[in-house]
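Structure first, then comments.
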Amino acid sequence: MEVKKITLGADGKYRWRYEMSLFKNPSIFFLIWKIFFFIFLGIFLFTTVIDTLSNGFSPESLAGSAKVFGIIFAVMTVVTALGYLLYAAIMGGKYIVDFTMDEKGVLHKQAPSQAKKARKIGILTALAGAASGRPSVAGAGLNSTRTEMYSDFSKVKKIKAYPRRNTIMLSAPFNKNQVYASGEDFEFVLSYIESHTDTK
């Protein structure tokens, strides 16, 4: 893992680059897994509600649906893991991201060399999902074409820090961002973000 120390530019913005091992740090895998989990959970709840409204509540029917969901969930986890390993291999085992942060917010931007690959993978995934009639896969593929994300500190509602994974999760309405830093920089970045957000 390579980390470029944080520098303060003449424009008052902090900048740093973080290279994360995709095989050692599971943060991105968990993010992808959560996306698929909530997509399938939404489908399960929707179909359960429709079935209940049409045929009435039945414990047996609910148990059967839950069993099917459990199987789908297990298969989804395996497929997601295999897809993630393929993605990691294509990306050379690293996720390289450049951060720019000031008192207003922080920009998470994938390195240009990797961004091109990520967009191509996302487009191919979306096309494969659409061709196979699986909108959840297509949606996840389109979502993965995003190679940068900005968090406005005034809109951040929740902060979660995972020092062992060098990860700071920022949650805002319709926006979830992951900020990476390590060592002394981690504490500085976390303190800076906390001092510029109203999450307490």
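Tell me which strands (runs of 3 or more DSSP E) are completely within the stretch 95-200 and hold 1 or more residues being modelled with pLDDT of 85 or more, in contact with a Leu (Cβ under 8 Å, 6 or more places away or on another chain) and not β-branched (Val, Ile, Thr), or say none if there are none. In the stretch 95-200, the matching strands (runs of 3 or more DSSP E) lie at 148-152, 158-162, 175-180.
If you filter the stretch 75-94 down to residues that are open to solvent by 50 Å² or more (accessible area, probe 1.4 Å) and part of a helix (DSSP H, G or I), you find that the one that is nearest to THR167 (Cα to Cα) is LEU85. Scanning the stretch 29-67 for residues that are open to solvent by 70 Å² or more (accessible area, probe 1.4 Å) and under 24 Å from TYR84 (Cα atoms) returns PHE30, LYS34, PHE38, ILE43. Consider the stretch 1-40 and keep the residues that are without any contact (Cβ under 8 Å) to a residue 12 or more places away in the chain, among the hydrophobic types (A, V, I, L, M, F, W, C) and outside any loop (DSSP other than H, G, I, E, B). The one that is nearest to ARG164 (Cα to Cα) is PHE30. Summed over the stretch 164-191, residues that are over 18 Å from the mean Cα position of the chain (by Cα) and open to solvent by 30 Å² or more (accessible area, probe 1.4 Å) total 5.
The values are calculated or read from the model by the stated rules, or taken from the named source; none is laboratory data. These figures come from a predicted structure and were not determined experimentally. Don't worry about glycine lacking a Cβ; one is built from the backbone with ideal geometry, like all the others, and counts go over all protein chains shown. The accessibility values were calculated without ligands, DNA or RNA, using every heavy atom of the protein model including side chains. Shrake-Rupley method; radii C 1.70, N 1.55, O 1.52, S 1.80 Å.
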